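The values are calculated or read from the model by the stated rules, or taken from the named source; none is laboratory data. Predicted model, so just to flag it, every value in this text is computed and none were measured. Virtual Cβ from ideal backbone geometry, glycine too; neighbours counted across all protein chains shown.
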Amino acid sequence: MTSEEFFDIYDDNLVKIGVKRRSQVHRDGDWHRSFHCWVIYRDTAAKDWILLQKRAPDKDTYPDLFDISCAGHYSAGEDLATTALRELDEELGLKIEFEELIRIGLRIATKKPSPDMIDREISDVFLLINDQPLTAYQTNDELTGLARLGIEDALALCAGEHDEITAEYLSRGEQTITTIKFRLTDFVPTFDHYFYRLLVVAKRCLNGDQQHLVI
């Protein structure tokens, strides 16, 4: 990402009011839009999994922490479908149809990841059921690797039943999957229990309920 990227910005009623450079948007705390996609699946042994990406060390927010499977900002003038398909292709090498995504809601969040940055995002949140192995993903330099967590294990971690769980991890550019320890502090912090709520919705989705999925 560079400061040359432009975002549409919105007022407090989520009405578009203009266009700004990315750096100015985060400096001034303008509302802007983003896309979140959580990749999940159930394996042949009936175990449920979720995919996380590990952010690159040079990211301007939350470097080296685990995050949403795929996420990115709308560029100025982009619509949802264009942003979604672009981000999935760029970050994970996934080429899908927009209709494969399962919408689970809109997340409106504000945070201050650093003293000179105010991040106010309106995020369209989706699930994607995809069972390809970690080695099949084609990642870009915005992330350093991918992790696969058991959803039941992650739920227990969020509930405080464990201090850490094991996860499968693949570094970018490698073909050997390793086992790592994963703690909640390894994940990008949120104030609204976003990860936990997402896991609950993901579990419901994989159990066959795709009619009542709201984040």
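Residues that are outside any helix (DSSP H, G or I) and in contact with a helix residue (DSSP H, G or I) (Cβ under 7 Å, 6 or more places away or on another chain) within the range 189-208 are absent altogether. Restricting Asp116, Asp43, Asp67 to residues that are acidic (Asp, Glu) and more than 30 Å from Asp153 (Cβ to Cβ) narrows the list to Asp116.
The strands (runs of 3 or more DSSP E) found entirely in the range 1-106 that carry 3 or more residues being in contact with a strand residue (DSSP E or B) (Cβ under 6 Å, 6 or more places away or on another chain) and surrounded by fewer than 18 Cβ atoms within 10 Å (Cβ to Cβ) are 16-21. Screening Glu174, Glu152, Glu168 for residues that are more than 19 Å from Ala71 (Cβ to Cβ) and part of a loop (DSSP other than H, G, I, E, B) leaves exactly one candidate, Glu174.
Remark: pairs (first residue in the range 109-136, more than 11 Å from Gly29 (Cβ to Cβ); second residue part of a helix (DSSP H, G or I) and of a type in the set (Lys, Arg); Cβ separation under 6 Å; 6+ apart in sequence or on different chains) are absent. Out of all the residues in the range 171-178, is one or more within 18 Å of Ala56 (Cα to Cα) and under 14 Å from the mean Cα position of the chain (by Cα)? No, the range 171-178 contains no residue that is within 18 Å of Ala56 (Cα to Cα) and under 14 Å from the mean Cα position of the chain (by Cα).
Taken over the range 162-215, the criterion of being at pLDDT below 95 and either among the aromatic types (Phe, Trp, Tyr) or surrounded by 13 or more Cβ atoms within 10 Å (Cβ to Cβ) (or both) is satisfied by Thr190, Phe191, Gln210, Leu213, Ile215.
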